[in-house]
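The structure appears right after this line, and notes come after that.
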Amino acid sequence: MRTFLLAGLLILTLGQAAGQDSFSEPEPFPNLEQRPFNLWMDVKLEESQATFAALARADFDAIRKSALELKTMNRLEEFVRRSTPGYSTQLRVFEFGVDEILAQARQKNIEGVTLGFQQLTLSCVNCHKQLRRLEEA
């Protein structure tokens, strides 16, 4: 189901990106009513919740699986949203957190995974703070 959802998101996103003139000014950040990428955030939220549940169970295989899906979503989102001011920085911070989760899960280091998850959480909170500031401007 997730693979189908990810494939659908990719098709919709690439279709949207293909219809844009590559030489035009980047579009301003959409307001709440216009944000089609809420779906991206919803999928990332669902997967991060799965990561947290696996972390609570110390299920390192499930942690790695969820973290890899988060990494894939992050790369797709970065490709689509790279022109949004400051957003790509937050995406890189998010990726750093995911990479830390993966590295620590490979070593079966629950404390390290927990720290990586905290970094991931901070990146989400900071990104959403930035998005709210852009919406208010």
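Quick one: in segment 54-76, which of the residues that are among the small types (Gly, Ala, Ser) and in contact with a helix residue (DSSP H, G or I) (Cβ under 8 Å, 6 or more places away or on another chain) is surrounded by the most Cβ atoms within 10 Å (Cβ to Cβ)? Full working, then the answer.
So in segment 54-76, the residues among the small types (Gly, Ala, Ser) come out as 54, 56, 58, 62, 66-67.
Keeping just the survivors that are in contact with a helix residue (DSSP H, G or I) (Cβ under 8 Å, 6 or more places away or on another chain) gives 54, 58, 62, 66-67.
Details: Ala54: 22, Ala58: 12, Ala62: 16, Ser66: 24, Ala67: 28.
Filtering segment 54-76 for residues that are among the small types (Gly, Ala, Ser) and in contact with a helix residue (DSSP H, G or I) (Cβ under 8 Å, 6 or more places away or on another chain), the one surrounded by the most Cβ atoms within 10 Å (Cβ to Cβ) comes out as Ala67.
How do the pairs read when you match residues in segment 108-126 that are in contact (Cβ under 8 Å) with a residue 12 or more places away in the chain with residues anywhere that are surrounded by fewer than 18 Cβ atoms within 10 Å (Cβ to Cβ) and in a loop (DSSP other than H, G, I, E, B), using Cβ under 7 Å and keeping only pairs 6 or more apart or on different chains?
The qualifying pairs are Ile110/Ala58.
For Thr84, work out the one condition from (1) among the hydroxyl-bearing types (Ser, Thr, Tyr); (2) closer than 15 Å to Lys44 by Cβ; (3) at pLDDT below 95 it doesn't fulfil.
If we test Thr84 against (1) among the hydroxyl-bearing types (Ser, Thr, Tyr); (2) closer than 15 Å to Lys44 by Cβ; (3) at pLDDT below 95, just (2) comes out false.
If I filter segment 122-134 for residues that are at pLDDT below 95, over 12 Å from the mean Cα position of the chain (by Cα), surrounded by 12 or more Cβ atoms within 10 Å (Cβ to Cβ) and more than 21 Å from Arg75 (Cα to Cα), do I get at least one hit?
Looking for residues that are at pLDDT below 95, over 12 Å from the mean Cα position of the chain (by Cα), surrounded by 12 or more Cβ atoms within 10 Å (Cβ to Cβ) and more than 21 Å from Arg75 (Cα to Cα), one finds at least one in segment 122-134, hence yes.
Test each condition in (1) in contact with a Ser or Thr (Cβ under 8 Å, 6 or more places away or on another chain); (2) at pLDDT 95 or above for Leu76 and report the one that comes out false.
(2)
The values are calculated or read from the model by the stated rules, or taken from the named source; none is laboratory data. Just so it is clear, the model here is predicted, and its values are computed rather than measured. All Cβ positions, even for glycine, are placed from backbone atoms using ideal geometry, and neighbour counts span all protein chains on display.
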